[in-house]
Amino acid sequence: MQKYTTIIGVLKMKGDGFTYEDIQSRFGIGSSTVNRTLSTMRKLGLTYEELSKKSPDEVEQLFYPSEKARRKDVPLPDFETIYRKIIDPKNKTTLTLAWSEYKKTSPDGYQYTQFVEHYNRYVDDHYGHRNARMPVERIPGEKTYFDWAGDKPAILLDQETGELKPVSLFVSTVGFSSLCFAEAFADEKLPSFIEGVADAVAFYGAVSRYFVPDNLKTAVTKHTKDELLLNVAFSDLESFYDTVVLPPPSRKPRGKATVEKAVQTCETYVLEKLRNCGCFSSLAQVNARIKEFTETLNETVMRGAKHSARELYEKFDRPNMKPLTMGRFMRVEYRFFTKVPDNYHLAFDDHYYSVPCRMLGKPAILKADFRTVTIADANNILICTHERSYSRFPIYITQDDHMPSEHRYYKELNAPLHDGNYYRTWALNKYGETMQRLIDAILRSQKHEATMYNSCKGILHMCSDVPRTIVEDVARQCLELNCTNYTSFKRLLRLASSTIAQATGDGAGIVHQNIRSKEEYR
């Protein structure tokens, strides 16, 4: 069963014209999964827009109904016979042909992707690992690679303790030209990686079709919140730069040989030069020197080459990349919450930001930049946004529509007292000038108008479900009779409502032979 993000992602990439290979590489799935997703979509008869409006649970249920049981005791073919046929130069058997013959005898057997995986495991177990290397054709401007250098030189001086701290080197290259970008950070955490990607894209001044990051072993462990946050960060990068994040196969550096070579070059060229410079008092100083070294590296024509990396980039890579028109991706801090607490507020930076109370007990992701706090669900679908608070108080940043109705009532009841103009404006905007004059008269009826705030609040709340014309008429009667107080207004409003109800027949009594009249009780 595939998750909501994979289902939606497959459909979107296919609609955008990406190939099956692109889709399989992006989501780490086989062609059978892609085919199944597309065929199910056709059977459902829905458009992508209609499907995207459904909840993640509804989408997963549509594509993978719960009553569908997993297949058990799937028979395996004779892999030894298949292997002998494939290595025999006189035999034309291929894995595709072997799988088709296998499916004829075992219709409920494995699909092609799983069949190949089991075959490869059999060959590895019985005949050693497959060491053949396939040459990789680097397409100009197609991929940008990102990685961390393994070496961390201690060159940053701590001004308080006087000790030297290590720095991490973020490295990026464009596949064909190997134009190198490098930047030093204090750590290899997710915010540093995001900032490194944004700085690298700004350095290139263009966006490739794919971003290929390292597996970020220091930040990612399988089946933890860290992996989820990394996927969310990748999703945000994809949306902002209109590209596809295509992680290489885990623990297989050949999938990103270009950046591995750039990392090796930086370790032997840039890092050694940094060590020779002694210590630095700030990361800004470190990065200023790194910029000098990488510019020299990019302008140098290497042995056996005819052009520098900069020349190759301008001639081949950049013309095949999209222009950078969307600006710079802002650095974001990510927080994952396994479930929204009972007070429907998420903690961040000594403050608590509200989410709709319907999210209680559900996972949520908080993303904060310098100005905004954005909250999304586990599928990275936007829930709400807040303006980020830097003041000491209030600690709780709450939107009224996130609160249950009873909480909103108590908030209004216990809110600090407003001044008289607040109630005058409320009456004018909600009902009209006559109601405003009544509220003004009530406020001026006492020496201190604050003593009448509760009466004004009660009158205005009392009229919330009453037509505006009736409210204005009752207010006019109170002014004419000089009855400017809560009790008189309530009595006249009740009388007016009762009169209208009788006139329209809404107040007619129930007539039934088993119901005794009031005369029976005299």
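Sequence gap at least 6, Cα distance under 8 Å: using those rules, report the relative contact order of the range 334-409 to the nearest whole percent.
Relative CO of the range 334-409 lands at 29 percent.
Which order do peptides 191-202, 155-166 fall in by mean Cβ count within 10 Å, highest first?
On the way: 191-202: 20.2, 155-166: 12.1.
Answer by packing, highest mean first, reads 191-202, 155-166.
Please report the accessible area of His461 (heavy atoms, 1.4 Å probe, ligands and nucleic acids excluded) in Å², nearest 10.
90 Å²
Using a Förster distance of 60 Å, how high is the FRET efficiency between Gln502 and Ser235, based on the Cβ-Cβ distance and rounded to 0.05? Walk me through the intermediate numbers first.
Numbers: r = 62 Å, r/R0 = 1.03.
Calculated value: 0.45.
Simple spin-label model, 7 Å along Cα-to-Cβ: Met1 to Arg331 in nm?
4.0 nm
Please report the relative contact order for the range 1-83, taking Cα pairs under 8 Å with a sequence separation of at least 6, and give it as a percent rounded to a whole number.
That works out to 35 percent.
In whole Hz and in residue order, list the ³J(HN,Hα) couplings for the range 421-434 that follow from phi through the Karplus curve 6.51 cos²θ - 1.76 cosθ + 1.60, θ = phi - 60°; x for Gly and Pro.
Working through the residues one at a time gives 4, 4, 6, 5, 5, 4, 4, 5, 5, 8, 10, x, 5, 5 Hz.
Once you order the gyration tensor axes a ≥ b ≥ c over the Cα atoms, which shape class does the range 331-415 get: rounded for a/c under 1.5, otherwise prolate or oblate by comparing a/b with b/c?
Values: a/c = 2.11, a/b = 1.27, b/c = 1.66.
Oblate, because a/c is 1.5 or more while a/b does not exceed b/c.
Which residues does a label at Thr268 reach in the range 280-310, if reach means a backbone N under 16 Å from a point 7 Å past the Cα toward the Cβ?
From the range 280-310, the list is 297-298, 300-305.
Which Cα, out of Val340, Thr398, Ile439, lies furthest along the positive dipole direction of the range 339-495 (beta carbon charges, K/R +1, D/E -1)?
Ile439
For Asp401 paired with Asp151, estimate the spin-label separation in nm (one decimal), with each label point 7 Å from Cα along the Cα-to-Cβ line.
5.6 nm
Just how large is the dipole of the range 433-497 about the Cα centre, in debye to the nearest 20, putting +1 at every Lys and Arg Cβ and -1 at every Asp and Glu Cβ?
That gives the range 433-497 a dipole magnitude of about 200 debye.
Using R₀ = 60 Å, calculate the FRET efficiency as 1/(1 + (r/R₀)^6) where r is the Cβ-Cβ separation of Glu117 and Tyr410; round to 0.05.
Efficiency computed from Cβ-Cβ geometry: 0.55.
How many nm is it between the label spots at Ala288 and Asp342, if each spot is 7 Å from the Cα in line with the beta carbon?
5.6 nm
With a cap of 12 neighbouring Cβ atoms within 10 Å, and only residues DSSP puts in a loop, list the GluC sites (Glu not before Pro) found in the range 1-72.
Those that pass, being in a loop and sparsely packed, are Glu67.
Which of Lys14/Lys367; Lys54/Lys322; Lys3/Lys362 have a Cα-Cα distance over 21 Å?
Checking Cα-Cα distances, Lys14/Lys367; Lys54/Lys322 exceed 21 Å.
For the range 271-430, what mean projected area does the convex hull of the alpha carbons give, in nm²?
18.1 nm²
Take every Cα pair under 8 Å in the range 147-196 that's 6+ residues apart, average their separations, divide by the length, and report that relative contact order as a whole percent.
Working: 71 pairs, mean separation 14.6, N = 50.
Rounded, it is 29 percent for the range 147-196.
Roughly speaking, what is the stretch gain from Lys189 to Thr81, that is 0.36 nm per residue apart minus the C-alpha to C-alpha distance, in nm to one decimal? The partial results should precede the final answer.
Details: separation 108, 0.36 × 108 = 38.88 nm, distance 4.90 nm.
Here the answer is 34.0 nm.
Report the Rg/Rh value for the range 423-483, based on alpha-carbon coordinates and the Kirkwood definition of Rh.
Result: Rg/Rh = 0.94.
May I ask you to derive the FRET efficiency for Cys279 and Arg303 from their Cβ-Cβ distance with R0 = 30 Å, giving the value to the nearest 0.05?
So, using R0 = 30 Å, E works out to roughly 0.35.
The values are calculated or read from the model by the stated rules, or taken from the named source; none is laboratory data. Just so you know, these numbers come straight off a predicted model, no measurement behind them. Note that each Cβ is placed from the backbone with ideal geometry, even for glycine, and that neighbours are counted across all protein chains shown. Protein only, heavy atoms only, side chains kept; ligands, DNA and RNA dropped before computing areas. Shrake-Rupley method; radii C 1.70, N 1.55, O 1.52, S 1.80 Å.
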